[in-house]
Every structure is written in structure tokens, then in C-alpha cells.
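Reviewing the structure listed below.
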Amino acid sequence: MDLKYKKEMEKHGLSYADLPEDAQTGIDSINDVLRGFNMLEKRGKKPTVRAIRKLNAMDKWVLYEILDYLHDTDKNDDDIPFEAEDVLDGEEGVNNEPKADPIWLKNEEELALIHEQGVTTISADDLRNKAKTTFKTIWDNYEDEVENGVETSNYSLIEQDNTQVFTLKKL
């Protein structure tokens, strides 16, 4: 992953030890997130778009901490925008136990029922009628121009190109 803060450190010949404590703490958090992403990839999964955006925000914050250090200024926000736990929360198999979440269990149950009916594609309207909890889970987190859906231990329900039509697959 191309991180902006690393490029800035290389550009100025800086080591981790040269940086102020806030920048070091931010780098440690970024490394925690990257380890979590690595665990996902070992399981054949990819981090969500939302998690990658949060990582990029963390990278930008560390970059600004480095720039403040280099220019002897204090323009950057005092707090990193996300902690590693905030980024990895919801990344199945990394930092949470989704089976303990009753909503996650309900999503799993609803997707199993739909799959047993032989459904492989489903519109948002049909999903609302057949799987109310799963529909709510998706729409509570819905964003335009990104891959939307839910994934459980056994099923993946992913939107097809922002069409509000979803593909259901058994994993």
C-alpha cells in the first residue's frame, strides 16, 4: 500500500525515531491496521472500501504531523481521525467476533433462507420484503459509488454496480 507519510519521510531522510511522539503513535496505528488487512488477505478477503478510506485519513494525518515537525508549525488536528480499532471494527475475522452480534446472526439467517429458495439476485425492494434486518444493515451503511452489501460467514450479498440489485453467493 502506498502511504504518503512514508514518501515524505524518505524525501527528508527521516527515521521513525526522528519523528515526534504523535507521528510515531499514528504510524503504530497504521501498522496495526495493515496487520489486520494482512490477516484478511490470508483468509482470501479484502478490506472494505470504508476501512481503506479510514486508513487513508490516518495516513494523511501522520503526513501532516510530519509536515508540522519539518516546518515547526502546529496546524494539524491534535487527534488522529481514527484508531486502529475503529478501522478494523466490522472487518470480519480481524478485530471482532461477528457471531456474538444478534444483527449479524439475523443477517446470516435471512440470507440462508433466501439462498434456500434458490435466489441468486435480488432487488432492494424484494430484499426489504424478504430480509428486513439485512436490508436495514445495508441501508444504514449505504454509500453511492462504492461496493455495498453484507458478508457473513456463509453468504455474500453484494450490490451490482450501484443498481440496487444484489448478487447472493454462498461462500
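Nothing charged except the Cβ atoms of Lys and Arg (+1) and of Asp and Glu (-1): what's the magnitude of the dipole of region 98-170 about its Cα centre? Round to the nearest 20 debye.
400
On a C-alpha basis, how far is the centre of region 16-39 from the centre of region 120-171 in Å? Whole number, if you could?
33
In the set (i) 17.9, 66; (ii) 19.7, 64; (iii) 18.7, 73, which value of Rg and Dmax of the Cα atoms in Å was calculated from the structure you see?
Correct label, based on the coordinates given: (ii).
Using alpha carbons only, how many degrees (0 to 90, rounded to 10) separate the axis of helix 21-42 from the longest principal axis of the chain?
Result, in degrees: 30.
Taking a 28 Å limit on the Cα-Cα distance, which of the listed pairs K60/K169; K136/K170; K7/K54; K42/K136; K130/K169; K6/K169 fall beyond it?
K60/K169; K42/K136; K6/K169
Count charges around L3 for me, please; just the other residues with Cβ under 12 Å from its Cβ, Lys/Arg as +1, Asp/Glu as -1.
So the environment of L3 carries a net charge of 0.
For the chain, modelled as a Gaussian network with Cα springs under 10 Å, which listed residue fluctuates most, Q117, Q160, Q24?
Taking springs between Cα atoms under 10 Å, the residue moving most is Q117.
Can you show me the helix-derived [θ] at 222 nm for the chain, built from DSSP H runs with n ≥ 4 at -39,500 (n - 2.57) apiece and divided by the number of residues, rounded to the nearest 500.
It lands at -16500 deg cm²/dmol.
Rule-based calculations on the coordinates, nothing more; no lab input. Computed from a prediction, not measured in an experiment: that's the story for all the values here. All Cβ positions, even for glycine, are placed from backbone atoms using ideal geometry, and neighbour counts span all protein chains on display.
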